[in-house]
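Inspection log for the structure reproduced underneath, given as structure tokens.
The values are calculated or read from the model by the stated rules, or taken from the named source; none is laboratory data. From a predicted model like this one, the values you see are computed outputs, not experimental measurements. In this analysis, Cβ positions are derived from the backbone assuming ideal geometry, glycine residues included, and neighbour counts consider all displayed protein chains. Heavy atoms of the whole protein, side chains included, go into the accessibility calculation; ligands, DNA and RNA do not. Shrake-Rupley method; radii C 1.70, N 1.55, O 1.52, S 1.80 Å.
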Amino acid sequence: MSNAEVTPGSYLYWSEVECSDGTPYPEDLRSRLFSIVVPAWKAIRAEVGRVVGRETPITVTSFYRTAKYNRAIGGAANSRHVRGDAWDSTAFPGLPVLAYGVLVARMARQHPELLIQGVGLYLEDGMVHTDCRPIAQSTPVLWRAVYVPDPKHPGKMKRVYLNWSGTGVE
């Protein structure tokens, strides 16, 4: 099943949506995957292809996470990954990370029916976070993650989150 598409023509595979610890995507979350996530995924993929001028793969770096795995990697306590409706991805080499993030943010704003409610730009990590929620908010939440020196741990960096306009790097 891991090499099969989640739905025909989605170009999203079970092996991509399972937790990185090998836990399969939960059965009880699959209706949300099929009804909310896959339509947004397909729309983003189609828009990337339109912008680039050719079919361009989107590479998933993280999708579903178990609560245990999410804690182990330092994920947010209220992570949408645990709910199975968030993913981190890149469209490189088709689009640089910033351009991909701007594209997803624009889609979130212009197409509320896609239920894209969160877009995070992680330039230093080379990926974009996207999450879909069953109820549309009036405005999607957009953020940019940056690394700054950690005053509690000299010589170490910590990630902080800033509001992001969705149009470039402010």
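Some points to look at:
- Some residue of the stretch 101-110 being assigned to a loop (DSSP other than H, G, I, E, B) and either surrounded by 15 or more Cβ atoms within 10 Å (Cβ to Cβ) or at positive phi (or both): no
- Here LYS158, LYS68 are screened, and the one residue that is within 20 Å of THR23 (Cβ to Cβ) and out of contact with any strand residue (DSSP E or B) (no Cβ under 6 Å at 6 or more places or on another chain) is LYS68.
- ASP88 meets each of the listed conditions (1) surrounded by fewer than 20 Cβ atoms within 10 Å (Cβ to Cβ); (2) among the charged types (D, E, K, R); (3) not in a strand (DSSP E or B) apart from (3).
- Applying the condition of being open to solvent by less than 40 Å² (accessible area, probe 1.4 Å) and not basic (Lys, Arg) to the stretch 141-159 and asking which residue is farthest from the chain's Cα centre (by Cα) yields ASP150.
- In the stretch 34-65, residue farthest from ILE135 (Cα to Cα) [restricted to those that are without any contact (Cβ under 8 Å) to a residue 60 or more places away in the chain and of a type in the set (A, V, I, L, M)]: VAL52
- Verdict on ARG83 being open to solvent by 60 Å² or more (accessible area, probe 1.4 Å), within 16 Å of PRO134 (Cβ to Cβ) and without any contact (Cβ under 8 Å) to a residue 60 or more places away in the chain: yes
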